[in-house]
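The values are calculated or read from the model by the stated rules, or taken from the named source; none is laboratory data. This one's a predicted model, so the numbers in the text were calculated from it and none came from an experiment. No Cβ is skipped: glycine too gets one built from the backbone with ideal geometry, and neighbour counts run over all protein chains shown. Accessible surface is based on the protein model in full, side chains and every heavy atom, while ligands, DNA and RNA are left aside. Shrake-Rupley method; radii C 1.70, N 1.55, O 1.52, S 1.80 Å.
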Amino acid sequence: MNYFDKLQQKVNKYKSLYSNKYKKAAIKLLWWNLCKLFDFKSNKQKFDPITNEPYEIEYRLDRLSFFITGGIGDILINLNYCSYLLDYLKDEIKTIDIFVKNTKLVKELIGESVFNIYHKDEWNQDRVAYLLDFKIDRFPLIVKNNLVLLPSNVNLKLKKLVKLYEEFYRINGKIVYDPPKIDSLSIQYSIINNQNRLQQPDIYGFLNIDRNNYKFLPALSDDEKVLKDLKLADTKFITLNRGVDGTNPQSESTKLYPLEYYDELVTLIKTAFPEYKIVQLGVSTDRCQLIKGTDLNLVGKTTLNQLKAILKNSMLHIDGEGGMVHLRKSLEGGVSVVIFGPTSADFYGYSDNVNISSSACPLTCEWINNKWASYCINKNNNHICMKSIKPNSIFEEIKKILK
């Protein structure tokens, strides 16, 4: 960007800020030009700290950037938010660049898309300037704003949204700036405002995100071939998962239903419905203990595309609250039976799933402390939220679906 382009940006900025203060604008421009004169004199440039080579800033003022954190469930929910945002801003921005830790996984998840996927290490660097840089965990947080580089009469919808978001940050800073440790309060905030997890990024409900259906749909290819290769074609099968993904530091999380209960549940299903094949899914064997009585063990044996095909086409999915439930829902698969413990069914549940939770513990405990996923904080009744849900009660719900 040359001197005249930068000068025009300053004129646009000061025209907006000082429309009735001509002397102040003139002084600002005079000072800026004086500073530029010394810049030219010293031939000031930016240099790469490693190679020591000079570089210029690349301006991407036709798009936004998002740094997305979390596992598959969080990624899906945040991509869904970005889809709504892009639809709202379709006349003002070209696309959204997404920055993530696992680029391979996300590219396989979305396939050909309007989003561009980059590694997180490239995000928010001095070399590239976006209109806005966001970091999104629970709420979209603006970390860099370059809207001042545009004339005051353009991108009005985006500017309206930014004004709304900045108001939200001022009022609700406590739940915005310290995720995930403060997530118990952000969940409470969303429930009070009648929003579930899918809607939570939609500050003040401005984008009208649907609470049950995804605008963003993951890519799925050759699902018939996948099922045929796994000998699941023309077969009625049920999927189940007892595990958490690799982003969770605790493989045996408090979110998981007891293993012996799963063993008993599988026996009940096999006895009553022998025509159904039971397939166990999971990230890896070190994170997912094997359940007795299943017909097909696919733990750690599927690609992401295979997992998507299986989840979409299973007659029923049984799981705890986690990424596979969100993935099946985003693929417009069938019903899931979801067993809730320390996390809230009201917040994480979809209305067309069977969401099972117990009242044995008075409150959900997600992020009450930093170790909530490692051990139960109920000292008198350890893991009672899960242990009080007996396999037979879950089986009664499953019978209603399979019949």
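Checking the conditions here, which among 198, 227, 220 is part of a loop (DSSP other than H, G, I, E, B) and farther than 28 Å from residue 342 by Cα?
Values: 198 fails: farther than 28 Å from residue 342 by Cα; 227 fails: part of a loop (DSSP other than H, G, I, E, B).
Among 198, 227, 220, only 220 is part of a loop (DSSP other than H, G, I, E, B) and farther than 28 Å from residue 342 by Cα.
What number of residues within the range 89-106 satisfy the criterion of being buried (at least 18 other Cβ atoms within 10 Å of the Cβ), within 30 Å of residue 322 (Cβ to Cβ) and touching a residue at least 60 places away in the same chain (Cβ under 8 Å)?
0
For residues that are aliphatic (A, V, I, L, M) and at pLDDT below 70, scanning just the range 5-38, find the one that is nearest to residue 61 (Cα to Cα). Break it down stepwise before answering.
If we filter the range 5-38 for residues that are aliphatic (A, V, I, L, M), which is where we start, we get 7, 11, 17, 25-27, 29-30, 34, 37.
Imposing the further condition that a residue be at pLDDT below 70 reduces the set to 17, 34, 37.
On the way: 17: 20, 34: 27, 37: 26 Å.
Only one residue tops the list, namely 17.
Any residue in the range 191-209 that is closer than 30 Å to residue 314 by Cα, of a type outside the set (Ser, Thr, Tyr) and in contact with a Pro (Cβ under 7 Å, 6 or more places away or on another chain)? First the steps, then the outcome.
Here is the first cut: in the range 191-209, the residues closer than 30 Å to residue 314 by Cα are 195-201, 209.
If we keep only those that are of a type outside the set (Ser, Thr, Tyr) too, we end up with 195-201, 209.
Narrowing further to those that are in contact with a Pro (Cβ under 7 Å, 6 or more places away or on another chain): 201.
Within the range 191-209 (the criterion being closer than 30 Å to residue 314 by Cα, of a type outside the set (Ser, Thr, Tyr) and in contact with a Pro (Cβ under 7 Å, 6 or more places away or on another chain)), the answer is yes, since at least one residue qualifies.
Being in a helix (DSSP H, G or I), aliphatic (A, V, I, L, M), surrounded by 22 or more Cβ atoms within 10 Å (Cβ to Cβ) and more than 22 Å from the chain's Cα centre (by Cα) narrows it down to one residue among 327, 265, 307; which is it? Break it down into steps so the answer makes sense when it comes.
Working: 327 fails: more than 22 Å from the chain's Cα centre (by Cα); 307 fails: more than 22 Å from the chain's Cα centre (by Cα).
The unique qualifying residue is 265.
Suppose we filter 356, 339, 318, 368 for residues that are among the aliphatic types (A, V, I, L, M) and at pLDDT below 95; which single one remains? Working first, answer last.
Values: 356 fails: at pLDDT below 95; 339 fails: at pLDDT below 95; 318 fails: at pLDDT below 95.
That would be 368, the only listed residue that is among the aliphatic types (A, V, I, L, M) and at pLDDT below 95.
With respect to the numbered conditions (1) at pLDDT 95 or above; (2) closer than 30 Å to residue 334 by Cα; (3) open to solvent by less than 30 Å² (accessible area, probe 1.4 Å), which one is the sole condition not fulfilled by residue 216?
Every condition holds for residue 216 apart from (1).
Return the residues of the range 160-213 that are in contact with a Ser or Thr (Cβ under 8 Å, 6 or more places away or on another chain), open to solvent by 60 Å² or more (accessible area, probe 1.4 Å) and not charged (D, E, K, R); say none if nothing qualifies.
Across the range 160-213, the qualifying residue is only 191.
Checking the structure you have, find out if any residue of the range 219-237 is over 26 Å from residue 291 (Cβ atoms) and open to solvent by less than 50 Å² (accessible area, probe 1.4 Å).
yes
Within the range 122-138, identify whether any single residue is of a type in the set (Asp, Glu), in contact with a Ser or Thr (Cβ under 9 Å, 6 or more places away or on another chain) and closer than 19 Å to residue 214 by Cα, and answer yes or no. Lay out the reasoning, then the answer.
Of the residues in the range 122-138, the ones of a type in the set (Asp, Glu) are 122, 126, 133, 137.
Right, trim to in contact with a Ser or Thr (Cβ under 9 Å, 6 or more places away or on another chain) and you get 133, 137.
Subset that is closer than 19 Å to residue 214 by Cα: 137.
Yes, there is a match, as at least one residue in the range 122-138 is of a type in the set (Asp, Glu), in contact with a Ser or Thr (Cβ under 9 Å, 6 or more places away or on another chain) and closer than 19 Å to residue 214 by Cα.
Enumerate the pairs (first residue in the range 311-335 and under 17 Å from residue 81 (Cα atoms) and touching a residue at least 40 places away in the same chain (Cβ under 8 Å); second residue anywhere and in a strand (DSSP E or B) and of a type in the set (Ser, Thr, Tyr)) with beta-carbon separation below 9 Å, excluding pairs fewer than 6 apart on the same chain, so at least 6 apart or on different chains.
329/336
Can you find, within the range 382-399, the residue that is nearest to residue 316 (Cα to Cα) among those that are free of Cβ contacts under 8 Å to residues at least 40 places away in the same chain and open to solvent by 50 Å² or more (accessible area, probe 1.4 Å)?
The first filter runs over the range 382-399 and keeps only residues free of Cβ contacts under 8 Å to residues at least 40 places away in the same chain, leaving 382, 384, 388, 393, 396.
When the remaining residues are screened for being open to solvent by 50 Å² or more (accessible area, probe 1.4 Å), the result is 382, 393, 396.
Numbers: 382: 30, 393: 16, 396: 14 Å.
Out of the qualifying residues, it is 396.
Any idea which residue in the range 122-158 is least open to solvent (accessible area, probe 1.4 Å), counting only those that are of a type in the set (D, E, K, R) and under 23 Å from residue 204 (Cα atoms)? Quick ask: steps written out before the conclusion?
First pass over the range 122-158, keeping only residues of a type in the set (D, E, K, R): 122, 126-127, 133, 135, 137-138, 144, 157.
Keeping just the survivors that are under 23 Å from residue 204 (Cα atoms) gives 133, 135, 137-138, 144, 157.
Values: 133: 2, 135: 87, 137: 38, 138: 17, 144: 63, 157: 71 Å².
Looking at the filtered set, the residue picked out is 133.
Pick from the range 351-381 the residues that are without any contact (Cβ under 8 Å) to a residue 40 or more places away in the chain and open to solvent by 90 Å² or more (accessible area, probe 1.4 Å): which of them is farthest from the chain's Cα centre (by Cα)?
380
Working carefully through the options 244, 266, 279, find the one that is under 30 Å from residue 384 (Cα atoms) and in contact with a Leu (Cβ under 6 Å, 6 or more places away or on another chain).
Details: 244 fails: in contact with a Leu (Cβ under 6 Å, 6 or more places away or on another chain); 266 fails: in contact with a Leu (Cβ under 6 Å, 6 or more places away or on another chain).
Residue meeting the stated conditions: 279.
So if I check each of 109, 86, which one is more than 18 Å from residue 195 (Cβ to Cβ), in a helix (DSSP H, G or I) and open to solvent by 10 Å² or more (accessible area, probe 1.4 Å)?
Working: 109 fails: open to solvent by 10 Å² or more (accessible area, probe 1.4 Å).
86 is the lone residue from the list that is more than 18 Å from residue 195 (Cβ to Cβ), in a helix (DSSP H, G or I) and open to solvent by 10 Å² or more (accessible area, probe 1.4 Å).
For the condition in contact (Cβ under 8 Å) with a residue 12 or more places away in the chain and either more than 29 Å from residue 102 (Cβ to Cβ) or among the hydrophobic types (A, V, I, L, M, F, W, C) (or both), what is the one hit in 185, 230?
Numbers: 185 fails: in contact (Cβ under 8 Å) with a residue 12 or more places away in the chain.
Going through 185, 230 in turn, just one is in contact (Cβ under 8 Å) with a residue 12 or more places away in the chain and either more than 29 Å from residue 102 (Cβ to Cβ) or among the hydrophobic types (A, V, I, L, M, F, W, C) (or both): 230.
Yes or no, residue by residue, for (1) within 13 Å of residue 230 (Cα to Cα); (2) of a type outside the set (Val, Ile, Thr):
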{"position": "273", "(1), (2)": "no, yes"}
{"position": "277", "(1), (2)": "yes, yes"}
{"position": "283", "(1), (2)": "no, no"}
{"position": "288", "(1), (2)": "no, yes"}
{"position": "298", "(1), (2)": "yes, yes"}
{"position": "316", "(1), (2)": "no, yes"}
{"position": "329", "(1), (2)": "no, yes"}
{"position": "332", "(1), (2)": "no, yes"}
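Just to be sure I understand the filter: pairs with C-beta atoms under 6 Å, separated by 6 or more residues or on different chains, first member in the range 284-306 and closer than 21 Å to residue 258 by Cβ, second member open to solvent by less than 40 Å² (accessible area, probe 1.4 Å) and among the aromatic types (Phe, Trp, Tyr). Which pairs pass?
291/262
What residue, of 277, 292, 301, is surrounded by fewer than 22 Cβ atoms within 10 Å (Cβ to Cβ) and touching a Ser or Thr at 6+ places or on another chain (Cβ under 6 Å)?
On the way: 292 fails: touching a Ser or Thr at 6+ places or on another chain (Cβ under 6 Å); 301 fails: touching a Ser or Thr at 6+ places or on another chain (Cβ under 6 Å).
Step by step, each of 277, 292, 301 is checked, and only 277 is surrounded by fewer than 22 Cβ atoms within 10 Å (Cβ to Cβ) and touching a Ser or Thr at 6+ places or on another chain (Cβ under 6 Å).
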